[in-house]
Amino acid sequence: MNESPKKEFPIFWGCALAVLVVYLVFKFAAPVISMWIVGRTRPLPLPRTLMFIYTALALLGVGLFVTTSERKMDAFMAPVITFIGGGQGGIIAIIRMAVLVAFPLLIGWVTFSKAAPAVQYLTSIRVQHPTLPGKFEKLENPFRNPDDARLKKFAEEKGLGNMELAKVKEVFAEQVLAEGRGLFQINCRPCHGSRANSNGPMAWGFRLRPADFTDPGTIPTVVEPYVFWRINEGAFGLPAESTPWDSAMPSWRGEIPEENMWKIILADYDIAGVTPRMPEKHHE
């Protein structure tokens, strides 16, 4: 008895499925895995540049696989030729007509968009640091210069007994800074780097690299409430003036408690080896 030939899965749909799986893995699975690795409560989406690179590599792999033999190439092109050639009925005929009409229109629209002269607006002055919103101006880092009440409460919680308040302040500063450094490595290192110099593992995927805190033109030029605002609100909280800002900074509001944000700010300056600008004193 002759055995019936084993039916193979169509190469065209297999290749299409492979590209789709790669896209879905890096679109949805990778952010969740990254969330588990860095200990966050929300997924960490991959930069669009990396998505483009991985998808392009998947398409390149499909192209190499298909062109390894004429048989594979013919099998891959068969459904495409059949679809374009026509002869189908029902819903397939409608889809074919829609594709044949939409494709040249899409090519024409893309070509026109690239070739048509664009309206040129007057160039506005580019502001590196937008104005700090008023509701953040009077904030102070509670861990930079803790008051006596906070120090006494800390000494009581840690069982420091009759230790002098000056010594308690040193112990307090060391512990807060250590906590801030740990929080920085968990939440900020992927982009800003372990040394706060914008060399994190995810920094290479952005069109504009994250801020280099060791650069004297970044956080040393602003007061601590400004850094708190940027961490809290992220790119979405930037004003409309002088856009685009080209910032991929996420909003950490709701992700990190405010006290931990202030600890991270201490670590930002300490790791970068810089100091914050002191706020101006207003004379009445």
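Quick notes on this one:
- FRET E, pair ALA16, THR111, Förster distance 30 Å, beta-carbon r, rounded to 0.05: 0.70
- The chain - Kirkwood radius from inverse mean 1/r over Cα pairs (Å): 24.4 Å
- Within the chain, helix-based [θ] at 222 nm, where runs of 4 or more DSSP H residues each add -39,500 (n - 2.57), nearest 500: -17000 deg cm²/dmol
- Pairwise FRET efficiency - ILE37 versus TRP204, Cβ, R0 = 25 Å, nearest 0.05: 0.90
- Evaluated over the Cα positions of segment 11-85, the convex hull gives a direction-averaged projected area, one quarter of its surface, of 6.0 nm².
- Peptides 86-99, 11-24 ordered by packing proxy, namely the average of other Cβ atoms within 10 Å per residue, highest first: 11-24, 86-99.
- Entries of LYS135/LYS158; LYS152/LYS263; LYS167/LYS263 with Cα pairs more than 29 Å apart: LYS135/LYS158
- As computed over segment 47-177, the Cα convex hull volume per residue (Å³): 359 Å³
- Derived scalar couplings ³J(HN,Hα) [segment 257-273; Karplus, 6.51 cos²θ - 1.76 cosθ + 1.60; whole Hz; x for Gly, Pro]: x, 4, 4, 5, 4, 5, 5, 4, 4, 4, 5, 3, 5, 5, 5, 6, x
- Derived value for segment 134-272: Kirkwood hydrodynamic radius 16.2 Å. Basis is the mean of 1/r over every pair of different alpha-carbon atoms.
We did not get these values from a lab; they are worked out from the coordinates using the rules stated. Worth saying up front: this structure is predicted, and the values here are computed from it rather than measured. Cβ sites come from the backbone with ideal geometry, for glycine too, and all protein chains shown count toward neighbours.
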